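Read the structure below first, then the notes.
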Amino acid sequence: MCNDKSLENAQSVMRSVHFHAAGHANVLGEHRTTLEITTESDLTKRGTCVIAVRASQTLRDLDDEIRSLARKKDTRICLKMTVDDQTEEVQGWGDPGLTYTDNTSMVARRSMYRCGRTLFVNADKAASNLDREFVRRLRDSSAVLECELLYFNE
C-alpha cells in the first residue's frame, strides 16, 4: 500500500502531486494490462482501460525533479485514487525509459512497455483489478476522482 506503516522507516516520499479527474458514462475499467486517466472529455466504449476523463494534470506538465525520479528503477510510484469515500491504489516502478512527454493521458502498465504516455511500469493492478463498485461510481459523469501521485525512494 502507498502508506504502509510497516515500510515507513524503509522509504521516504520524495514528491507527491495532487490532481483530479471526472467520471464518464462509458467507463468500463475492463482492461487487463493497463489503467489510464486522460485529459480528454469524451470516451468511447473501446477505451476499456480509461477510468476517468478531464484530468487536471498531464505527464508533460510534471516538473523536472519528478521526471528524474520517474526515470530511476528504484523509485516506487503510487497512484492513489478516491471517488466518494472509496479509495484504490495502484503501484508500479520507475524506469530509465520513462519520458513523461504526453499531454493527454497517463497510463499505468503491468508490463515493461514504455512510451510518452507511460506513468509507471510493472504495475500491481490494471483497470480490471479495481473494485467493481469503485468503477461503477466512475460511470457517473458528475463523479470527481481525487488523485495523488506519490514517488518513493526505496
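Where a number appears in this text, it was derived from the coordinates with a stated rule and is not lab data. Just so you know, these numbers come straight off a predicted model, no measurement behind them. Ideal geometry is used to build each Cβ from the backbone, glycine not excepted, and the neighbour counts take in all protein chains shown.
Would you be able to tell me the number of residues in segment 60-85 that are closer than 28 Å to Glu133 by Cβ, among the hydrophobic types (A, V, I, L, M, F, W, C) and touching a Lys or Arg at 6+ places or on another chain (Cβ under 8 Å)? Don't jump to the end; show me each part of the working.
Residues of segment 60-85 closer than 28 Å to Glu133 by Cβ: 76-85.
Now restrict to residues that are among the hydrophobic types (A, V, I, L, M, F, W, C): 77-79, 81, 83.
Still in the running and touching a Lys or Arg at 6+ places or on another chain (Cβ under 8 Å): 83.
Residues meeting the conditions: 1.
In contact (Cβ under 8 Å) with a residue 24 or more places away in the chain, under 14 Å from the mean Cα position of the chain (by Cα) and not in a loop (DSSP other than H, G, I, E, B) - does that describe any residue in segment 136-143? Before you say what the answer is, go through the steps one by one.
At the first step, the residues of segment 136-143 found to be in contact (Cβ under 8 Å) with a residue 24 or more places away in the chain are 137-143.
From what is left, the residues that are under 14 Å from the mean Cα position of the chain (by Cα) are none.
Scanning segment 136-143, I find no residue that is in contact (Cβ under 8 Å) with a residue 24 or more places away in the chain, under 14 Å from the mean Cα position of the chain (by Cα) and not in a loop (DSSP other than H, G, I, E, B), so the answer is no.
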List the number of the failed condition for Arg46; all other conditions in (1) crowded, with 23+ Cβ neighbours inside 10 Å; (2) farther than 22 Å from Leu150 by Cβ hold.
(1)
Might you check whether a residue that is closer than 18 Å to Glu148 by Cα, touching an Asp or Glu at 6+ places or on another chain (Cβ under 6 Å), touching a residue at least 60 places away in the same chain (Cβ under 8 Å) and not hydroxyl-bearing (Ser, Thr, Tyr) occurs anywhere in segment 91-103?
yes
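Looking only at segment 58-87, how many residues end up being farther than 14 Å from Val144 by Cα and either touching a residue at least 12 places away in the same chain (Cβ under 8 Å) or among the aliphatic types (A, V, I, L, M) (or both)? Steps first, answer last, please.
Narrowing segment 58-87 to residues farther than 14 Å from Val144 by Cα: 58-79.
Still in the running and either touching a residue at least 12 places away in the same chain (Cβ under 8 Å) or among the aliphatic types (A, V, I, L, M) (or both): 58-62, 65-67, 69-79.
Result for segment 58-87: 19.
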